[in-house]
Each structure stands twice: as C-alpha cells, then as structure tokens.
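K.L.:
One structure follows; several queries about it will come next.
Every number in this text was worked out from the coordinates using simple rules, so none of it is lab data. Here the structure is a predicted model, which is why all the values come from computation and not from measurement. As a convention, Cβ positions derive from the backbone with ideal geometry for all residues, glycine included, and neighbour counts pool all protein chains shown.
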Amino acid sequence: MEKYMGFRIEGKLVREETSLPTVTLSGTQFYADIGKHEFREVSNPANRITMGNIKEEFGFSHFLFDRLTKNIYIGDPKGNLPDHVDIILVPPIKDIDPIGLARRYGNADEHFSSGQKKDNLILTSFSKQAERQHEQSGTVEYESTLRIR
C-alpha cells in the first residue's frame, strides 16, 4: 500500500498565471493563487505573500501591508504604524477565486461561483496618511481592487 503523507493533488487542473485573478494592494498588482495559497506580485514573481499570514479578528480577515517592501509589514503591529503601512481588509477566498478554491477541494469549477459574475471586488485599505488627509480636507477614499479575468 502506498504511504500517504498529506494533501493529494493528482488529477488537479493547474491554472496558467494569466487565468488567475489579480488584486491590487496599495497600488501593487498581485496574482491571487489559491492553489499555492499566496498572493504573488505580477511584475516580480519572487515577491510572495502567503495567505497563512492573514489574520481574522472580529469577522474581518486582514493584514498589514508595507508599501516600501510591497509585502507583509514585519514591524510591531501594536505600536504606531509608519505612514507607509496600510491595513488591508481581505474578502473571503470564495469571493477572490471561486474556481481555485473549488479545485483545491476537488469540486467542479462552478461549486463556489454565484450566479452573479463579479468583475471588480474591492479590497479596502486604511493608512495613517489617508486618515490625516481625511481630517484636513474632508473625505478621501483609498481602495485596492480585485479584478477577476
């Protein structure tokens, strides 16, 4: 008998990068690769953010994004955040990549898809810079967009 050591992936369909959904995090575009459980920068594939680093608190999934390194902020999250750090709110994975999630669990591609096609999901980001601008001049919106191809 063959020894089984974890998650089997035989028979899974592998998607080309260009068919993966893209998400823009504070001005930087990433592929959302559910199969590899990561966000991968479009212009620099070596820059990856594992989805395992996304925390959920009070029903919201989020992480701290450093605009300088274009990756997870590794400083003290409890102290004052620098101006170049944004808080990114992440929607459920089934909304980011329903096909990738269905394939990950061995279901049909349509399993998590709703009848309504989502062309553009919004990932909201908050930063100290936006907060200061809001206080000085009224309302300023900062948003990151998710585009599904």
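K.L.:
What list of ³J(HN,Hα) couplings, whole Hz, do you get for the stretch 35-43 from phi and the Karplus terms 6.51, -1.76, 1.60, once you set θ to phi - 60° and write x for glycine and proline?
P.N.:
Each residue's phi maps through the Karplus curve to give x, 9, 6, 7, 9, 10, 4, 5, 8 Hz.
K.L.:
Using DSSP to define loop residues, name the chymotrypsin sites (Phe, Trp or Tyr not before Pro) in the stretch 26-91 whose beta-carbon has at most 14 other beta-carbon atoms within 10 Å. Present the calculation step by step, with values, prior to reporting the outcome.
P.N.:
Numbers: sites: Phe30, Tyr31, Phe39, Phe58, Phe60, Phe63, Phe65, Tyr73; in loops: Phe58, Tyr73.
Of the chymotrypsin sites (Phe, Trp or Tyr not before Pro), the ones in loops of the stretch 26-91 whose Cβ has at most 14 other Cβ atoms within 10 Å are Phe58.
K.L.:
With label points built 7 Å along Cα→Cβ from the Cα atoms of His84 and Ile54, find their separation and express it in nm.
P.N.:
Calculated label separation equals 2.5 nm.
K.L.:
List the residues whose amide H sits under 5 Å from the amide H of Leu25, counting only those 5 or more places along or on another chain, with H placed 1.01 Å from N in the peptide plane.
P.N.:
Long-range HN contacts for Leu25: Phe30.
K.L.:
Going through the stretch 40-79, which trypsin sites (Lys or Arg not before Pro) have at most 13 other Cβ atoms within 10 Å and a DSSP loop state? Please report the intermediate quantities before stating the final value.
P.N.:
Details: sites: Arg40, Arg48, Lys55, Arg67, Lys70, Lys78; in loops: Arg67, Lys70, Lys78.
Within the stretch 40-79, the qualifying trypsin sites (Lys or Arg not before Pro) (loop, at most 13 other Cβ atoms within 10 Å) are Lys78.
K.L.:
Moving on to the next point. For the stretch 95-107, what does the Karplus curve 6.51 cos²θ - 1.76 cosθ + 1.60, with θ = phi - 60°, yield as ³J(HN,Hα) per residue in whole Hz, taken in order and with x for Gly and Pro?
P.N.:
8, 6, 8, x, 5, x, 5, 4, 5, 4, 9, x, 9
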